[in-house]
Amino acid sequence: DAEITQSPRHKITETGRQVTLACHQTWNHNNMFWYRQDLGHGLRLIHYSYGVQDTNKGEVSDGYSVSRSNTEDLPLTLESAASSQTSVYFCASSPAVGQGKSYEQYFGPGTRLTVT
Amino acid sequence: AQSVTQPDIHITVSEGASLELRCNYSYGATPYLFWYVQSPGQGLQLLLKYFSGDTLVQGIKGFEAEFKRSQSSFNLRKPSVHWSDAAEYFCAVGGYNKLIFGAGTRLAVHP
């Protein structure tokens, strides 16, 4: 069965360190997204990609970067981790228009990141 | 500005009672609307979606939602709540390949 996976599921890191969160999907979806979830804010979009070599900033992109070198993966990098980036991070994917069920996003299980 | 408002942060209902979770949106074009559910420690699962057509849509787990354009609402309903429905519920509105989420409503179910 197709799926979307995230690793690690839990991560503790120190302020100032670079951290990379992995996201891998086997749906063959063109679109991939990274969100952070914080109490009272729901899910906020960090970065997204509509295909290989395409990346775009979301509403809370400062301090984060992504790269898309293939269809399956969209790693999220925190360049210099800050305590404000302690959160739960979700990756999602969706088919592009014409690929199938547009707009419906499929979510990974999440990564809980703690920055100390 | 595009936004989604879920006015109720927490709701508590008794098992077997009916449920309605409210969702209001602001969106410039014809919206695509979604309800997702998140169980503790899990990712988000799609409950139902509205793209066009019949304004009353049926989803999984016995949930339904009604799109009311005049009220900019997409409220989620269930006639009889089960203890396993305790979770957090998110309403979302979408355009071209992106979604905007509400802050969520946390549902507690009393036995």
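Residues whose amide H falls under 5 Å from that of B:Ala87, counting only those 5 or more places apart or on a different chain, are B:Leu107, with hydrogens built in the peptide plane.
The charge dipole of the protein assembly as shown, taken about its Cα centre with unit charges on the Cβ atoms of Lys, Arg (+1), Asp and Glu (-1) only, comes to about 200 debye. Using a cut-off of under 15 Å, list every residue of segment B:55-70 whose amide N is near the label point 7 Å from the Cα of B:Ser18 along the Cα-to-beta-carbon line. Output list for this probe position: B:63-66. In this structure, the amide hydrogen of B:Ala17, modeled 1.01 Å from its nitrogen in the peptide plane, lies closer than 5 angstrom to those of B:Val81, counting only residues at least 5 positions away or on a different chain. Between the residues A:Asn70, A:Pro95, A:Leu39, the greatest Cα displacement towards the positive end of the dipole of chain A, with unit charges on the Cβ of Lys, Arg, Asp and Glu, is found for A:Leu39. Please give the Cα centre distance for segment A:14-75 versus segment B:72-89, rounded to the nearest Å. That distance is 29 Å. In a simple Cβ point-charge model (Lys, Arg +1; Asp, Glu -1; nothing else charged), segment A:1-60 has a dipole of about 220 debye relative to its Cα centre. When only Cα pairs under 8 Å and 6 or more residues apart are kept, what is the percent relative contact order across chain B? Relative contact order, chain B: 38 percent.
Laboratory data are not the source of any read-out in this text; all were calculated from the coordinates shown. In this text, all values refer to a predicted model and were calculated from it rather than measured experimentally. Neighbour counts run over all protein chains shown; Cβ positions are idealised from the backbone, glycine included.
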